[in-house]
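Working notes, structure below.
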Amino acid sequence: MTQELEGIDPAATPTGSGCAECEAAQGWWVHLRRCAQCGHVGCCDTSPEQHASKHATDSGHPFIQSFEPGEDWFYDFRSEEMYSGGPDLAPPTSHPADQPVPGPRGRVPADWQTRIH
């Protein structure tokens, strides 16, 4: 992938360190994904609410990047393909390393594994 791809804005900053919708609803997530076009941080498809995919559907923004420490892969919702690496996006490139997975701390139910997809 190159920076010229439509649907990726390397200057867009993340909306926060957690899923925007889960934070607003006092929910929780398994892993985080970042919209490569606008910076929206949403929860992954394993998470109960799947906000990253919902954002892609609602906005038409085609690419997400992992928002997990040490991961830099992208996913294209149109082609359903994953890419290793890609253009550098504006920092931060992940949630804080001390933020637990699943997270956030204090809101993950004890039976979380029975609630995932």
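Structure notes:
- Single residue of ALA90, ALA56 found to be among the aliphatic types (A, V, I, L, M), closer than 19 Å to PRO14 by Cα and not in a loop (DSSP other than H, G, I, E, B): ALA56
- Condition met for CYS38 (under 20 Å from GLN113 (Cα atoms) and without any contact (Cβ under 8 Å) to a residue 60 or more places away in the chain): no
- GLY70 being at positive phi, assigned to a loop (DSSP other than H, G, I, E, B) and surrounded by 15 or more Cβ atoms within 10 Å (Cβ to Cβ): no
- Single residue of ASP72, ASP45, ASP9 found to be of a type in the set (Asp, Glu), touching a residue at least 12 places away in the same chain (Cβ under 8 Å) and more than 27 Å from TRP112 (Cα to Cα): ASP9
- Number of positions in the range 73-91 that are exposed (fewer than 15 other Cβ atoms within 10 Å of the Cβ) and touching a Pro at 6+ places or on another chain (Cβ under 9 Å): 5
- Selection count where residues are part of a loop (DSSP other than H, G, I, E, B) and surrounded by 24 or more Cβ atoms within 10 Å (Cβ to Cβ), scope the range 30-39: 1
- For beta carbons closer than 6 Å, sequence separation of 6+ or different chains, a first residue in the range 95-109 that is within 11 Å of GLU68 (Cβ to Cβ) and a second that is among the aliphatic types (A, V, I, L, M) and crowded, with 17+ Cβ neighbours inside 10 Å, the qualifying pairs are HIS95/LEU32.
- Test for GLY27: is it surrounded by 13 or more Cβ atoms within 10 Å (Cβ to Cβ) and either in contact with a helix residue (DSSP H, G or I) (Cβ under 8 Å, 6 or more places away or on another chain) or over 16 Å from LEU5 (Cβ atoms) (or both): yes
- A single member of PRO87, PRO92 is at pLDDT below 95 and not hydroxyl-bearing (Ser, Thr, Tyr), and it is PRO87.
- Scanning the range 73-87 for residues that are assigned to a loop (DSSP other than H, G, I, E, B) and among the charged types (D, E, K, R) yields ARG78, GLU80.
- Residue selected from the range 1-29 under the condition over 15 Å from GLN65 (Cα atoms) and either part of a loop (DSSP other than H, G, I, E, B) or aromatic (Phe, Trp, Tyr) (or both), by the criterion modelled with the lowest pLDDT: GLU4
The values are calculated or read from the model by the stated rules, or taken from the named source; none is laboratory data. Everything numeric in this text was worked out from a predicted model, so none of it was measured. Ideal geometry is used to build each Cβ from the backbone, glycine not excepted, and the neighbour counts take in all protein chains shown.
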